[in-house]
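The structure under discussion appears below in the form of structure tokens.
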Amino acid sequence: MTGLTVQAIQDLALDTKEKNRTKNFFALGLVSWIYTRPLDPTLEWIKRKFAKNPLIAEANTRVLKAGHASARRGDLLRSTIRSSRPRWRPASTGR
């Protein structure tokens, strides 16, 4: 995961410590794909959160998308998890 993270942002002027800090967004991209969650809300959050540091915003955006793409290609994972209706029935509240 670290190698794929650094590869996604290798051309950005960040030191090793800053590049390694983006790894959590790679994992978030993986999890977003596993649970079929859209990236748009997270991308919007990154823009707002890192508005004062566009280089970090760019790095986190790239790494998030790289994690998502890596999962889609099957580099690290082999399947998705789709949540469906529960198989249990809620308890009745009336008598």
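Each value in this text was obtained by applying a stated rule to the coordinates, not by laboratory testing. These numbers were taken from a predicted model, which means no experiment stands behind them. Backbone-built Cβ (ideal geometry, glycine too); neighbour counts: all protein chains shown.
Would you mind classifying the range 5-72 by shape? Square roots of the alpha carbon gyration tensor eigenvalues, ordered a ≥ b ≥ c; an a/c under 1.5 is rounded, otherwise it is prolate if a/b is larger than b/c and oblate if not. Oblate shape, in that a/c is at least 1.5 and b/c is the bigger or equal ratio. Potential lengthening of the chain between Tyr35 and Asp15 amounts to 4.0 nm, from the contour at 0.36 nm per residue minus the alpha-carbon distance.
Among 11-24, 53-66, sorting by the average number of other beta carbon atoms lying within 10 angstrom of each residue, highest first, gives 53-66, 11-24.
Sparse packing (at most 16 other Cβ atoms within 10 Å of the Cβ) combined with a DSSP loop state is found for the following chymotrypsin sites (Phe, Trp or Tyr not before Pro) in the range 18-72: Tyr35, Phe50.
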